[in-house]
Amino acid sequence: MTTFIFALMLLIGTALLSPAQSLATQEYVFTGQTMGTTYSIKLVSAKPLSESLWQEKIDLRLKQVNSRLSMYQKDSELSRFNAAPKDLPFRVSADFYQVLEQCRDLYALTFGAWDGTVKPLVDLWGFGIKGRRDTPPEPEEIKALLKNIGFNKLDIGDHFLTKTMPGITLDLGSIAKGYGVDEIARLIREGGVENYLVEIGGELAGAGENKHRKAWIVGIANPEKGILNSGLYKEVRLDNKAIATSGNYRNYFEKNGHIYSHIISPKTGYPVENAVVSASVISDTCTRADGLATALMVMDTDKAIALINTLDNTECLIIRQDGKKKTALRSSGFKSYEIGF
């Protein structure tokens with residue numbers, strides 16, 4: 001999923017530091033490319049860290065995740081599964097299996113609004129691996145592919161995945177970056193670092209404090225079609241939480257005055273048209289936040305808010321646009337994360 005969240009580091013409050021707090025802290029920043037996008041990771045520690053060692057550990061773990069979940073690498077685990085025939089049990093790695101369990105939960109939780117088998121439709125509309133297009137496909141083409149859509153058409157066993165019918169393929173782009181964020185955050189915690197901010201392609205997880213000993217603050221981008229740097233819509237605190245945003249205002253094409261976005265409904269086969277331009281989710285894990293943000297783009301907004309209000313430790317901000325007017329819809333606890341509330 002393409003997301004657009006810009007990480008910020010701001011000071012909050014002016015409390016005096018105790019002698020124990022006055023120990024010098026250092027911020028270590030690691031950047032690079034992964035999963036077809038960029039990453040930026042900040043570690044804050046009073047103890048010296050080996051930058052070369054951490055860079056190596058981060059790059060190795062991201063390479064592992066990408067080799068399992070990428071649909072752009074022809075030899076990735078995901079690509080090999082997509083090429084596998086019907087009824088053949090395909091053995092999956094621990095990474096793939098963990099993501100599949102999350103996928104199964106998301107599919108059930110969102111009543112199919114999140115569906116990783118939507119890949120054939122995404123490709124057909126020109127938003128996948130088969131290249132762009134500037135005209136909508138024929139209705140007959142869409143109808144033909146709908147029979148191959150449905151996460152419930154996969155049989156998930158103990159580290160095995162089986163297609164129950166031919167033509168089923170997976171696109172995990174709406175959850176893979178979130179999983180990558182979670183895995184790097186876990187790597188950092190296991191390495192003894194408590195203060196960090198991890199960002200991959202706009203998906204984030206933060207814990208502890210920044211180098212100023214203040215809360216991590218991140219910004220949700222203002223959704224504006226055709227504007228690369230449209231500023232921030234909201235700023236939120238990120239304390240031992242993750243946030244992901246899905247939007248339809250960057251990846252789309254226009255034909256005869258009609259805009260077709262990359263958010264495809266797995267039920268109709270067409271780009272979603274519900275006036276939602278952006279959905280942000282805060283949760284305990286970035287994997288969950290990533291998948292839910294995509295699902296909220298597909299769902300009716302009232303049902304989306306109602307769903308989030310039933311989930312523990314999960315909040316959302318949905319931005320609708322009717323004409324030139326933007327309206328923000330929040331779950332019951334989202335304001336507690338916003339700066340200025």
**Q.** For segment 125-132, Karplus couplings with θ = phi - 60° (6.51, -1.76, 1.60), whole Hz, Gly/Pro x
**A.** 7, x, 10, x, 8, 9, x, 7
Q.
How tilted is helix 286-298 with respect to the longest principal axis of the chain? Cα atoms for both, answer in degrees (0 to 90, nearest 10).
A. 50
Q: Summarise the long-distance tail of P(r) for segment 292-336 by giving the % of C-alpha pairs beyond 11 Å.
A: 65
Q: Specify the angular offset, from 0 to 90 degrees and rounded to the nearest 10, of the alpha carbon long axis of helix 176-190 from the longest principal axis of the alpha carbons in the chain.
A: 30
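Kindly state, to the nearest 0.05, the FRET efficiency for N152 paired with H258, given R0 = 25 Å and r defined as their beta-carbon distance.
0.20
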**Q.** For segment 52-71 and segment 206-236, distance of Cα centres in Å
**A.** 25
Q. Cα-Cα over 24 Å: which of K57/K177; K163/K267; K143/K255; K47/K211; K130/K163; K214/K325?
A. K214/K325
Q) Tilt of helix 94-109 relative to the longest C-alpha principal axis of the chain, in degrees (0 to 90, nearest 10)? A) 70
Q | Rounded Å value of the spacing that divides the Cα centres of segment 257-320 and segment 111-146 | A | 18
Q.
Working only with C-alpha atoms, what are the Rg and Dmax values of the chain, expressed in angstrom?
A. 20.4, 71
Q.
On the Cα set of segment 126-242, report Rg and Dmax in Å, please.
A. 20.1, 58
Q) Which percent of the accessible heavy-atom area of the chain goes to carbon and sulfur, probe 1.4 angstrom? A) 51
Q. In Å², what does the accessible area per residue of segment 233-312 work out to with a 1.4 Å probe?
A. 37
**Q.** Over segment 114-171: Rg over Rh, Cα atoms, Kirkwood Rh
**A.** 1.03
Q. For segment 230-341, what value does the Rg/Rh ratio take when both radii are computed over Cα atoms and Rh is the Kirkwood radius, given to two decimals?
A. 0.97
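With only Lys, Arg, Asp and Glu charged, each at its Cβ (+1 for the first two, -1 for the last two), find how big the charge dipole of segment 228-341 is about the Cα centre; round to the nearest 20 debye. Could the numbers behind the result be given before it?
On the way: 14 positive and 12 negative charges, 60 e Å.
With only Lys, Arg, Asp and Glu charged at Cβ, the dipole is about 280 debye.
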Q) Which residue, D105, D59, D322, has the most motion in a Gaussian network model of the chain that connects Cα atoms within less than 10 Å? A) D322
Q.
For a Förster distance of 45 Å, can you work out the FRET efficiency between the beta-carbons of L232 and K86, rounded to the nearest 0.05?
A. 0.45
Q) How large is the accessible surface per residue of segment 170-220, computed with a 1.4 Å probe and reported in Å² as a whole number? A) 26
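The values are calculated or read from the model by the stated rules, or taken from the named source; none is laboratory data. Note that the structure is a prediction, hence the values are computed from the model and not measured. No Cβ is skipped: glycine too gets one built from the backbone with ideal geometry, and neighbour counts run over all protein chains shown. Each accessible area value is taken on the protein alone, full model and side chains, heavy atoms only, with ligands, DNA and RNA left out. Shrake-Rupley method; radii C 1.70, N 1.55, O 1.52, S 1.80 Å.
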